[in-house]
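Below is one structure, written out as structure tokens; the observations come after it.
The values are calculated or read from the model by the stated rules, or taken from the named source; none is laboratory data. Nothing here was measured: the structure is a model prediction, and the numbers come from that model. Note that we place each Cβ from the backbone using ideal geometry, even for glycine, and neighbour counts take in every protein chain shown.
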Amino acid sequence: MSTQNHEGSIEVLTLDLDGHTFALPAACVHEILDLVAVTEVPGANPFVGGLINVRGRVVPFADLRHKFGMPVKPQTIDTRIVVIEVDIDGDATMVGLLADKVHEVTEIAATAVEEAPRIGLTWRREYIDCIGKLGDDFVVVLDITAIFSSTRRVRDGGGETGGRAAA
């Protein structure tokens, strides 16, 4: 599960994607950007939306909607790009992720964290680190490393197709 702090809770950044609340481990978040110019990459996996410039650095831009089989949605004034650092094959790599809206950094108590259920999910379970309870709501904490590791399997012909998984 996600990295826990000294009190046993996990610190996450909450965000919306297609009407659902997700969370990223706060430790991997570098910055949150308003929409910026995106340069498309011909022939790229649909998950890769293109390249963005982050403080003079070329950073790939990814759209989790493709990974989760969600419908494409027009960007709004609330749309943000969350720049994260992810470990891909032992290399720390910066990636921008599209979010419909970014909420806050918050802590989820260790007692409010559980494994993802094995049934009933409409997106791929291997992309989920855990499920956390915030008040009366649940938040899906994403496993960023698993999401991007499976991108390599797609490129290398490893059979992962994205979209919805069978429950």
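Restricting the range 79-91 to residues that are touching a residue at least 60 places away in the same chain (Cβ under 8 Å) and either more than 18 Å from VAL36 (Cα to Cα) or of a type in the set (Asp, Glu) (or both), the residue that is surrounded by the most Cβ atoms within 10 Å (Cβ to Cβ) is VAL86. When you check ALA23 against the structure, is it surrounded by 14 or more Cβ atoms within 10 Å (Cβ to Cβ), assigned to a strand (DSSP E or B) and in contact (Cβ under 8 Å) with a residue 12 or more places away in the chain, yes or no? For ALA23, the condition - surrounded by 14 or more Cβ atoms within 10 Å (Cβ to Cβ), assigned to a strand (DSSP E or B) and in contact (Cβ under 8 Å) with a residue 12 or more places away in the chain - is met.
Looking at ALA99, ALA112, just one residue is of a type outside the set (Asp, Glu), out of contact with any Asp or Glu (no Cβ under 9 Å at 6 or more places or on another chain), surrounded by 14 or more Cβ atoms within 10 Å (Cβ to Cβ) and closer than 24 Å to ASP136 by Cβ, and that residue is ALA112. Of the residues making up the range 26-78, those that are surrounded by 17 or more Cβ atoms within 10 Å (Cβ to Cβ), touching an Asp or Glu at 6+ places or on another chain (Cβ under 8 Å) and outside any strand (DSSP E or B) are ALA26, CYS28, PHE47, ARG65, PHE68, MET70. Filtered by the rule that a residue be more than 15 Å from VAL95 (Cβ to Cβ) and in contact with a His (Cβ under 9 Å, 6 or more places away or on another chain), the range 24-60 gives a lone residue, PRO46.
The residues of the range 79-107 that are among the charged types (D, E, K, R) and assigned to a strand (DSSP E or B), listed by number, are ARG80, GLU85, ASP87, ASP91, LYS101, GLU104, GLU107. Assess whether VAL140 counts as being under 19 Å from LEU13 (Cα atoms) and touching a His at 6+ places or on another chain (Cβ under 6 Å). Considered against the rule, which asks whether it is under 19 Å from LEU13 (Cα atoms) and touching a His at 6+ places or on another chain (Cβ under 6 Å), VAL140 comes out as no. Selection of first residues in the range 92-114 that are under 13 Å from LEU13 (Cα atoms) and of second residues that are among the small types (Gly, Ala, Ser) and surrounded by 15 or more Cβ atoms within 10 Å (Cβ to Cβ), restricted to Cβ pairs under 8 Å at least 6 apart or on distinct chains, gives the following pairs, ordered by first then second residue: LEU97/ALA62; VAL105/ALA26; GLU107/SER9; ILE108/SER9; ILE108/ALA23; ILE108/GLY132.
The residue list VAL59, VAL86 contains one member that is of a type outside the set (Phe, Trp, Tyr) and in contact with a Ser or Thr (Cβ under 6 Å, 6 or more places away or on another chain), which is VAL86. In this structure, VAL83 does satisfy being modelled with pLDDT of 90 or more and touching a Leu at 6+ places or on another chain (Cβ under 7 Å).
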